[in-house]
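First the structure, in the form of structure tokens, and then the observations on it.
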Amino acid sequence: MRSDHWRNTMAVKIKLTRLGKIRNPQYRIVVADSRTRRNGRVIETIGKYHPKEEPSLIEVDSERAQYWLGVGAQPTEPVAAILKITGDWQKYKGLPGAEGTLKVAEPKTSKLDLFNAALAAADSAPVAEAITPKKKAAKKADEAPAADEAPAADAKDEA
């Protein structure tokens with residue numbers, strides 16, 4: 001009976017698994033057996049971390065992180081730093097500062113809003129036609145004045 005107990009318990013860690021391309025790392029924050037390799041089998045995915053974005057994208061399911069910390073899962077050093085930023089570590093330890101210091105990117109303005117702002121700056125209504133003139137129309141316009149000038153030059157020579 002006693003031997004079965006230690007087989008069913010395992011050392012669990014909260015760690016990062018790497019995704020993404022070369023020079024563009026993206027990580028998942030996962031709960032896994034401490035003996036598994038970096039991208040090995042996971043028990044549960046509790047968040048994601050994209051360090052190349054400005055500011056870094058950090059999403060952690062706080063409820064699940066609190067649960068796993070409560071049952072004894074040990075975070076690795078990078079995950080502990082992430083949990084301190086989100087405030088989950090302080091909440092687990094009962095320390096002040098549980099709101100965290102997470103920076104959130106400003107929401108992007110929609111393309112329609114950008115277009116309307118550009119129209120307002122230009123003080124004009126949208127134009128349905130192309131702004132640049134067509135090449136054929138430009139050539140005909142250039143040829144017409146040249147043809148008008150030729151008879152006038154002939155009249156000067158005769159006089």
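At-a-glance table
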{"read-out": "Amide H contacts of Leu57 (H built 1.01 Å from N, under 5 Å, at least 5 apart or other chain)", "value": "His50"}
{"read-out": "The range 60-114 - charge dipole about Cα centre, Lys and Arg +1 at Cβ, Asp and Glu -1, debye rounded to 20", "value": "60"}
{"read-out": "Relative packing of 105-111, 49-55, 60-66, which averages over residues the other C-beta atoms within 10 Å, highest first", "value": "60-66, 49-55, 105-111"}
{"read-out": "Fewest-first sequence of Val30, Val12, Val79 by Cβ atoms within 10 Å of each Cβ", "value": "Val12, Val30, Val79"}
{"read-out": "Most positive-pole-ward Cα, Thr17, Tyr67, Ile82, against dipole of the range 2-93 from beta carbon charges", "value": "Thr17"}
{"read-out": "Filtered trypsin sites (Lys or Arg not before Pro), the range 71-104: DSSP coil and at most 14 other beta carbons within 10 Å", "value": "Lys103"}
{"read-out": "Dimensionless Rg ratio for the range 2-93, taking C-alpha atoms and the 2.2 N^0.38 Å reference", "value": "1.14"}
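Rule-based calculations on the coordinates, nothing more; no lab input. Since we're looking at a predicted model, the values are computed, not measured. With ideal geometry, Cβ positions are generated from the backbone for all residues, glycine too; neighbour counts draw on all protein chains shown.
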